[in-house]
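Here the structure comes first, spelled out in structure tokens, and everything after it is commentary.
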Amino acid sequence: ATTAPGGGQPGKIQSAPVRSGQQVYADNRDLTVLSPVGAGAEVIADGSVHIYGPLRGRALAGAQGNEQARIFCREFHAELVAIAGHYRVLEDIPSDLRGKAVQVWLEDQQLKIAALD
């Protein structure tokens, strides 16, 4: 039997800014980042990723293949976003979403990005 992502343990909270070259990983749980994720930085979770500051680096959710994982971001400038290995880079992201609050999810093996109203 497989346990649900998170396995009952609380998500990991990252309160300090994630700077270029740093990587923050939440093993088998969600990751909540309360500060900016700088360009060249990486935030990775086996569950979902929630970012309450600007995202300028890379965010990867569902790192162990969880296709239900999502990325939520308050200010979207990502270099790359990925869910369960499906990814999009900045050049492939509609420019009207930049700087907006967005969510990223997987639907029919396609990565979707939409503004949160």
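The values are calculated or read from the model by the stated rules, or taken from the named source; none is laboratory data. The structure displayed is predicted, hence computed values, not measured ones. Cβ sites come from the backbone with ideal geometry, for glycine too, and all protein chains shown count toward neighbours. Keep in mind that these areas ignore ligands, DNA and RNA; they rest on the heavy atoms of the full protein, side chains included. Shrake-Rupley method; radii C 1.70, N 1.55, O 1.52, S 1.80 Å.
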For segment 47-75, which residues satisfy the criterion of being open to solvent by 70 Å² or more (accessible area, probe 1.4 Å) and part of a strand (DSSP E or B)? Tyr52, Arg74
Taking the criterion of being over 22 Å from Leu116 (Cα atoms), without any contact (Cβ under 8 Å) to a residue 40 or more places away in the chain and among the acidic types (Asp, Glu), would at least one residue in segment 13-30 satisfy it? yes
For segment 13-46, which positions are of a type in the set (A, V, I, L, M, F, W, C), part of a strand (DSSP E or B) and surrounded by fewer than 23 Cβ atoms within 10 Å (Cβ to Cβ)? Ile13, Val24, Ile44
Of all residues being part of a loop (DSSP other than H, G, I, E, B) and without any contact (Cβ under 8 Å) to a residue 24 or more places away in the chain in segment 92-113, which is least open to solvent (accessible area, probe 1.4 Å)? Just the residue, please. Ile93
Just to be sure, is Leu80 surrounded by fewer than 19 Cβ atoms within 10 Å (Cβ to Cβ) and of a type in the set (A, V, I, L, M)? yes
